[in-house]
Amino acid sequence: MKTNYWDREVETMKRRALERLQLERLRQTLARVARRVPFYQQKFAELGFQPGALKSLADLRRLPFTTTADLRAAYPAGLLAVKRNQTLRLHTSSGTTGKPKAIFFSRRDVNNAADLIARCLVATGATRDDVLQNMMTYGLFTGALVMHYGAEKVGLLVIPAGPGNSEKQLLLMEDFRSTLIHTTPSYALYFADFLDKKGIDPRRHLALKKAYIGAEPYTEETRRKIETALGVEVYNSYGLSEMNGPGVAFECEAKGGMHLWEDHFLMEIVDPRTGEPVPEGQPGELVLTTLCREAMPILRYRTRDITSIIREPCACGRTHRRIKRITGRADDMLIVRGVNIYPQQIERVLMGIPEVGRNYLIVLEGLDDMLVKVELSEASFDGQVEHLVHLQTHIAERLRAEILTRPRVELAAPGSLPVSEGKAKRVIDKRSL
Amino acid sequence: MNTVKLAAVFGENKPGHLARLTAALADAKANIRWITIATSEKIGVIKILVDKHEPACHALREHGFTVSQLEVLAVDVPDRPGGLHAVAEVLSKHGINLENASGFVTSTHRRAVLLFETKDPETAAHVLKKSGLHLFSQEEILTI
């Protein structure tokens with residue numbers, strides 16, 4: 001396999017050298033926060049932890065976790081490790097409830113984040129001949145800007161299209177022959193539907209080659225749906241604002257899990273309930289420690305994202321370990337009739353049924369009932385009400401096999417369920433528990 | 001084989017859905033000649049026969065409806081006692097099952113129509129014709 005690298009030396013670094021580098025950077029990070037961040041000074045004091053006493057990466061377990069609640073409590077600038085006038089950019093992470101989380105970048109942080117994106121894009125085979133239509137939201141959200149800077153670093157043409165307005169997106173794609181798009185899975189599906197309704201075959205009329213899809217968890221079935229509908233290769237992208245935004249982990253051309261850039265982030269997988277590490281390869285909550293962050297280092301951040309580490313080396317030659325597609329958010333887990341359910345399980349089932357369209361909604365209602373509203377695919381409607389009834393039963397049965405409780409299934413017209421431009425809200429909880 | 005084209009529209013069984021559909025058809029200046037609504041709990045299918053089939057389907061899609069086209073058989077039934085029986089007997093003799101059938105009488109022309117779907121419309125059409133029964137074409141059904 002012929003591989004292009006943005007930074008071959010680092011990306012293919014031997015594991016032992018990489019671990020030495022991690023330890024050195026972890027020590028620097030600890031020294032920095034111990035000196036400058038009262039939040040961590042206090043945490044270290046509570047645990048009786050001396051930053052200088054860290055001997056190996058295994059000692060990481062003795063460090064405190066940082067949680068979403070900690071970041072909210074520290075809002076707006078409680079975790080800042082540099083003077084205010086050394087910060088260059090502010091992003092916030094959308095808080096669905098309460099205060100947002102504020103993330104500051106120094107000049108070095110902005111540059112590092114762009115550099116990681118450059119690694120990601122080159123890993124997918126992007127070159128300066130490509131045209132990236134960046135369909136994420138520009139603004140407080142990290143998604144678009146961090147990608148933008150990284151793509152400019154690679155030297156390709158970036159179109160800062162922003163989200164929504166499908167007519168405008170299409171016009172830009174036609175006029176500037178966009179080859180790459182960066183968007184969410186829900187918008188990619190919505191846009192595919194839009195093209196379909198207009199009778200536009202993207203393979204014939206557009207120049208699209210690759211789609212970088214992230215910001216929301218999605219399934220392999222959704223990936224295949226997007227690939228088929230838009231005629232592109234879909235690369236999975238993982239990031240979170242607390243850790244720069246996109247570019248934390250990204251798929252290479254092998255498309256078999258996302259390389260997490262371990263020279264910048266130290267990863268652990270822990271049991272979401274106990275915080276104890278799980279054996280390598282087992283699923284659990286991803287915990288990340290920044291190793292190069294200047295303005296706002298974060299130790300052992302509980303991402304709430306459920307994934308596992310792929311131990312096998314990748315065909316591309318990169319030594320940075322891969323994580324699997326996010327299978328759920330610890331926070332998203334639903335408990336219905338005593339059963340633990342991740343919305344992604346439902347999505348996986350739905351997207352594997354050909355008669356199902358591109359959108360769905362999970363409504364929890366009544367005492368403890370689950371209703372799954374499912375869009376019908378345009379092509380599968382044949383005018384027979386009994387076929388619709390049969391399909392509803394079939395979907396409910398397939399779901400029951402996966403989530404062990406039988407939801408009520410209601411078919412909806414194609415394109416009738418709400419589509420969000422940012423992160424899709426798939427679950428509505430109206431239960432009177 | 002004479003067949004009649006119907007538009008079948010996917011519908012969620014909730015207030016206002018039919019009104020949106022009829023508004024779209026009125027906008028398209030399409031006249032509804034026949035309608036049936038089949039529902040099962042929250043979903044339904046509305047089947048209509050209109051004078052301007054293609055423009056009506058187009059207008060419905062423009063308004064966001066999910067539309068499928070059906071071809072059904074429309075038998076010309078003598079409007080007198082035993083009229084429908086003659087048709088039913090032919091079909092029964094050949095083991096043909098009706099699906100989603102419905103009938104109406106036109107007072108002006110003293111004729112009756114039986115509209116029905118079936119798994120094998122070719123055979124059904126063939127045996128009905130052989131028994132001397134007439135099947136309406138799209139043009140005919142719009143003029144009776």
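The values are calculated or read from the model by the stated rules, or taken from the named source; none is laboratory data. Here the structure is a predicted model, which means the values were calculated and not measured. Using ideal geometry, Cβ is built from the backbone for each residue, glycine included, and neighbour counts are taken over all protein chains shown. To get the accessible areas, we keep the full protein, side chains included, count just its heavy atoms, and leave off ligands, DNA and RNA. Shrake-Rupley method; radii C 1.70, N 1.55, O 1.52, S 1.80 Å.
Figures for the structure shown
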{"quantity": "Accessible area expressed per residue, the stretch A:129-204, with surrounding protein chains retained (probe 1.4 Å, Å²)", "calculated": "40 Å²"}
{"quantity": "Pairwise FRET efficiency - A:Leu47 versus A:Arg311, Cβ, R0 = 45 Å, nearest 0.05", "calculated": "0.90"}
{"quantity": "Cβ neighbours within 10 Å from other chains - mean over A:382-394", "calculated": "5"}
{"quantity": "Estimated buried accessible area (total), pair B and A, 1.4 Å, Å² to nearest 100", "calculated": "1400 Å²"}
{"quantity": "Portion, in percent, of the accessible area of the stretch A:174-261 that falls on carbon or sulfur, probe 1.4 Å", "calculated": "46 percent"}
{"quantity": "Theoretical FRET efficiency, 1/(1+(r/R0)^6), r = Cβ-Cβ of B:Asp79 and A:Arg177, R0 41 Å, to 0.05", "calculated": "0.05"}
{"quantity": "Protein-protein interface of the stretch B:53-97, residues with accessible area decrease of at least 50 Å², isolated chain reference, 1.4 Å probe", "calculated": "B:Thr66"}
{"quantity": "Spacing of the two label points (7 Å from each Cα toward its C-beta) at A:Lys14 and B:Glu140, in nm", "calculated": "8.9 nm"}
{"quantity": "Accessible-area order (highest first, 1.4 angstrom probe) of the listed residues A:His394, A:His182", "calculated": "A:His394, A:His182"}
{"quantity": "Between the stretch A:335-359 and the stretch A:234-256, the alpha-carbon center distance in angstrom", "calculated": "23 Å"}
{"quantity": "Spin-label model distance (nm) - A:Asp271 vs A:Asp331, 7 Å beyond Cα toward Cβ", "calculated": "2.4 nm"}
{"quantity": "Within the accessible area of the stretch B:57-144 (1.4 Å probe), percent carbon and sulfur", "calculated": "51 percent"}
{"quantity": "Taking the stretch A:1-146 and dividing mean pair separation by its residue count, relative contact order in percent (alpha carbons under 8 Å, at least six apart)", "calculated": "22 percent"}
{"quantity": "Carbon + sulfur, % of accessible area of the stretch A:376-426 - ligands and nucleic acids excluded, 1.4 Å", "calculated": "54 percent"}
{"quantity": "Solvent exposure ordering (accessible area, 1.4 Å, most first) of A:Trp6, B:Trp34", "calculated": "A:Trp6, B:Trp34"}
{"quantity": "Size-normalised alpha-carbon gyration radius of the stretch B:48-126, reference 2.2 N^0.38 Å", "calculated": "1.32"}
{"quantity": "Two-site label geometry, A:Ser166 and A:Thr393: point separation in nm, points 7 Å out along Cα→Cβ", "calculated": "3.3 nm"}
{"quantity": "Residues A:Asn4 and B:Ile37, FRET efficiency given R0 of 56 Å [Cβ-Cβ distance, rounded to 0.05]", "calculated": "0.40"}
{"quantity": "Cross-link pairs A:Lys225/A:Lys324; A:Lys14/A:Lys324; A:Lys197/B:Lys119; A:Lys2/A:Lys153; A:Lys225/A:Lys255 - those with Cα-Cα distance over 24 Å", "calculated": "A:Lys197/B:Lys119"}
{"quantity": "1.4 Å probe, heavy atoms, protein only - residues of the stretch B:2-17 losing at least 20 Å² accessible area vs chain alone", "calculated": "B:Phe10, B:Glu12"}
{"quantity": "Dipole moment magnitude, nearest 20 debye, the protein assembly as shown about Cα centre, only Lys, Arg, Asp, Glu C-beta charged", "calculated": "2180 debye"}
{"quantity": "DSSP-defined beta bridges in chain A - what % are antiparallel, rounded to 5", "calculated": "65 percent"}
{"quantity": "Dipole of the protein assembly as shown [Lys/Arg +1, Asp/Glu -1 at C-beta], most positive-end residue of A:Leu71, A:Phe191, A:Ala58", "calculated": "A:Ala58"}
